[in-house]
Amino acid sequence: MSNSSSIAEFLLLPFAETWELQLLHFALFLGIYLAALLGNGLIVTTVACDHRLHTPMYFFLLNLALLDLGCISTTVPKAMANSLWDTRAISYSGCAAQVFLFVFLISAEYFLLTVMSYDRYVAICKPLHYRSLLCSRSCVQMAAAAWGSGVLNAVMHTANTFSLPLCQGNALDQFFCEIPQILKLSCSHSYLREIELLTFNGFLFWGCFVFILFSYVQIFRAVLRMPSEQGQHKLFSTCLPHLAVVFLFLSTGMFAYLKPPSNASPSLSLVMAFLYSVMPPAMNPLIYSMRNQELKNAIRKVMSWMYFRIC
């Protein structure tokens, strides 16, 4: 009987059985990863360099881009390396680090999305109070609260998960170290503590989702009272994609973390994990930024400056 102290490494789930298909998955992940790096990197550089974008909305967008860069860099490079070298192994310490970083970044990102919905609510529904409610100090405090909550959440989950005795082997049915898959290897009823913690997190995340939904209901009501159809279209085109990403992120994440592990097929779990861990970091620059004409113009200026600087 093995336990957690005797496990030196875990075996991750491969995307395909043949090396040729593994290379295909490597190319797919590489394309998505480079797109996420480019999109989020441009946002960070542009917002940091253009003083006209030093506003609460773009400050939160910069934080979101940083979290997206960290989130996708926690899981995708290891999956690409395993596909390229036709291996499945990840060390015990590497798995623990991956769990900590992923839970930290994904939790902080969701809390930040909640803060961003509040920012839009105040900007549209209470414009006269915007400067007082979202001053520089308040923005920094809210962003710090999102990051700090993510760290606290990650510490609790990582410590709880890796304190469990493991005696069901070392093979994980996922392409990265995911808590529900590690719990399947537990041989003790003490894993129920982690289940309870995950359930509490699920309700907390749903509470955030209700807050986001309420904010956007109020926003839509305010937008529908606007006399300008152009203004309505602009705000709807920004709000609806935001809600779509939040719903995709929350529904797939809760499926992965709250569904009993024994009831989920590996292929379905793989798809769900891909949707909530890989797609949002790659899509967020397009949804939140590339539809924003002000930011697009600023990005063009930064890219032009970089091009002439290189030449």
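The values are calculated or read from the model by the stated rules, or taken from the named source; none is laboratory data. In this text, all values refer to a predicted model and were calculated from it rather than measured experimentally. With ideal geometry, Cβ positions are generated from the backbone for all residues, glycine too; neighbour counts draw on all protein chains shown. Note: areas computed on protein heavy atoms with side chains; ligands, DNA, RNA excluded. Shrake-Rupley method; radii C 1.70, N 1.55, O 1.52, S 1.80 Å.
Select from region 279-311 the residues that are modelled with pLDDT under 70 and hydroxyl-bearing (Ser, Thr, Tyr) and write down the one among them that is surrounded by the most Cβ atoms within 10 Å (Cβ to Cβ). Don't jump to the end; show me each part of the working.
Filtering region 279-311 for residues modelled with pLDDT under 70 gives 289-291, 307-311.
Cutting the leftovers down to hydroxyl-bearing (Ser, Thr, Tyr) gives us 289, 307.
Values: SER289: 23, TYR307: 9.
Out of the qualifying residues, it is SER289.
Do we have any residue at all in region 153-162 that's within 16 Å of CYS95 (Cα to Cα), in a loop (DSSP other than H, G, I, E, B) and open to solvent by 60 Å² or more (accessible area, probe 1.4 Å)? Please lay out each step first, then the result.
The initial filter retains those residues of region 153-162 that are within 16 Å of CYS95 (Cα to Cα), namely 154-162.
After this cut, where a residue has to be in a loop (DSSP other than H, G, I, E, B) as well, the list is 162.
Among the residues that remain, those that are also open to solvent by 60 Å² or more (accessible area, probe 1.4 Å) are: none.
No; the residues of region 153-162 include none that is within 16 Å of CYS95 (Cα to Cα), in a loop (DSSP other than H, G, I, E, B) and open to solvent by 60 Å² or more (accessible area, probe 1.4 Å).
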Response to the item:
Pairing a residue in region 27-45 that is in contact (Cβ under 8 Å) with a residue 60 or more places away in the chain and closer than 10 Å to ALA65 by Cβ with any residue that is open to solvent by less than 40 Å² (accessible area, probe 1.4 Å) and among the small types (Gly, Ala, Ser), where Cβ atoms lie under 7 Å and the two sit 6 or more apart in sequence or on different chains, gives ALA36/ALA282; ASN40/ALA65; ILE43/ALA65; ILE43/SER289
Worksheet item: Any residue at all in region 164-174 that is closer than 24 Å to TYR276 by Cα, hydrophobic (A, V, I, L, M, F, W, C) and outside any loop (DSSP other than H, G, I, E, B)?
Response: yes
Discussion item. Could you check region 175-214 and list, in sequence order, the residues that are open to solvent by 40 Å² or more (accessible area, probe 1.4 Å), outside any helix (DSSP H, G or I) and charged (D, E, K, R)?
Written reply: LYS184
